[in-house]
Structure formats: C-alpha cells, structure tokens
Amino acid sequence: SLFGNIATTAKLIAASAYAREESRGGHYRTDFAEPRAPWRHRTFITLKEANRIADAATDALPTSQTTQTQASA
C-alpha cells in the first residue's frame, strides 16, 4: 500500500539519521555537532537493520509513570 511504503521509507530515513554520528546539511545533532570525515560516503541500510535501530532507540526512551501504570494493569 502507499501508506505502508511511506511508513517504511520514513523508518529507513529516521533510523539512518539516528545511527549517523555527525551533523551534515539539514541533519544536525547536538551530541555530534560537526561533520566527520568517516561519514562522508554513501551509506546503506536494510529494513531489518532499521527495525533493530528503531527498537533499540525505543527501548532507550524513558517511560512515564502513566505508561508504567497502564502496562501493569
């Protein structure tokens, strides 16, 4: 479906940006504020790798008291 393709593309882009440890062009990270030479090449990502990155990033998010309460109910 069109929405599925858009969502998959968005996940690939977001996971790639999260994995990139530098700032370049419109992509700016406060924890990696400068461009880095090792990243100055094309990178490729698979959906499997994007899913792994997204899961790891989600697991690293702090949980709120409300979320913890709802999960235990």
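Laboratory data are not the source of any read-out in this text; all were calculated from the coordinates shown. Everything numeric here is computed off the predicted structure, so don't read it as measured data. Every residue, glycine among them, receives a Cβ derived from its backbone with ideal geometry; neighbour counts consider all protein chains shown.
Listed from fewest to most Cβ neighbours within 10 Å, the set 21, 49 follows the order 21, 49. Loop-located trypsin sites (Lys or Arg not before Pro) across the range 1-66 with a Cβ neighbour count of 14 or fewer within 10 Å are 29, 36, 40, 42, with loop assigned by DSSP.
Here the contact order of the chain, divided by its residue count and restricted to Cα pairs under 8 Å and six or more residues apart, works out to 30 percent.
The shape of the range 2-60 comes out prolate: with a ≥ b ≥ c from the C-alpha gyration tensor, a/c is at least 1.5 and a/b beats b/c.
When 1, 23 are sorted by how many other C-beta atoms sit within 10 angstrom of their C-beta, beginning with the fewest, the order is 1, 23. Restriction of the chymotrypsin sites (Phe, Trp or Tyr not before Pro) in the range 11-58 to DSSP coil positions whose beta-carbon has at most 16 other beta-carbons within 10 angstrom yields 28, 32, 44. Electrostatic bookkeeping for residue 12 treats Lys and Arg as +1 and Asp and Glu as -1; over the other residues with beta carbon under 15 Å from its beta carbon, the sum is +3. Residues whose amide H comes within less than 5 Å of that of residue 27, counting only those at least five positions distant or on another chain, are absent (H built at 1.01 Å from N in the peptide plane).
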